[in-house]
Amino acid sequence: HLRRDWLETLLVVLLVAQLILLFLPGARKVAESLRAQSLAKIYLVVVQVYILFQGLVRASDSIGRSGVRPPIVILASFFFLILAGTLLLMMPRSSADPGKPIRPLDAFFTSTSATCVTGLSVLDTGKDFSETGQWMILGLIQIGGLGLVTFSAFFVLLARGGLGIRQSMMLGEASSFNLIGQLGRFLVYVVVITGVVEIVGAVLLYDGWQEPGMGTYERVRWSLFHSVSAFCNAGFGLKSNSLMDY
């Protein structure tokens, strides 16, 4: 049961940990040291990932039954991702100045550039976007770099332990990988290697930042952002002059 429903189990464990830290006598100091507020944010992020996970699995099933040709699905997935990114970047919370949300055309350009990893930008990522907006751009870079079809197929593989014929055809078309019987192993290999390389890159970048007043969290965030951006060949940076100072 735990192996099959590992994501739901993780949600329950995080919720129980929160409750213990908040209400158990004597746990307040531990909660303060672990920043219980941050734990709550992590829990909300995991819940949102879980909702996305379920949505992608169901969407993949629906597409598999619809008979739509794989190339059309790949094209539509990029269109959907760009549109979703545009709407997210237009939210006031995504702008460095909530009173001046990002203009629709600028949000559309940024979303398209991040999803298609072109490296072009009409705004200063580090100044014009808030931290929330920068995380959204990072998500678009990561999903666009690997492809929404790859992500949805990976979630289906996690949920079911195998890919259907239609899902295998779409993934094979998206990745130009012809050995259908080995697609599951290939998919896991791609996602795991991507994650490992990006984490190693972030670790190597951690001590390289020389920005005044930069704390541990900012170092981690900058390291992760630039590692993912570099690995996906996206060209986005958090400084106005990118990495020229380094």
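Bear in mind these aren't lab numbers, they're just calculated from the coordinates by the rules spelled out. Predicted model, so just to flag it, every value in this text is computed and none were measured. We place every Cβ from the backbone using ideal geometry, glycine too, and count neighbours over all the protein chains shown.
Here are some notes:
- Full-extension gain in nm, residue 211 to residue 20, via 0.36 nm per residue minus C-alpha separation: 65.0 nm
- FRET efficiency, 1/(1 + (r/R0)^6) with R0 22 Å, evaluated for residue 245 and residue 105 via beta carbons: 0.15
- All other residues whose Cβ lies under 15 angstrom from that of residue 133 are scored, Lys and Arg at +1 and Asp and Glu at -1, for a net of 0.
- ³J(HN,Hα) computed for each position of segment 7-14 - Karplus, 6.51 cos²θ - 1.76 cosθ + 1.60, integer Hz, glycine/proline x: 6, 4, 4, 4, 4, 5, 4, 5
- Legend: calculated FRET efficiency, residue 76 to residue 11, from the Cβ-Cβ distance at R0 = 22 Å, rounded to 0.05, equals 0.15.
- With a simple spin-label model that places each label point 7 Å from the Cα along the Cα-to-Cβ direction, the separation between residue 193 and residue 97 comes to 4.6 nm.
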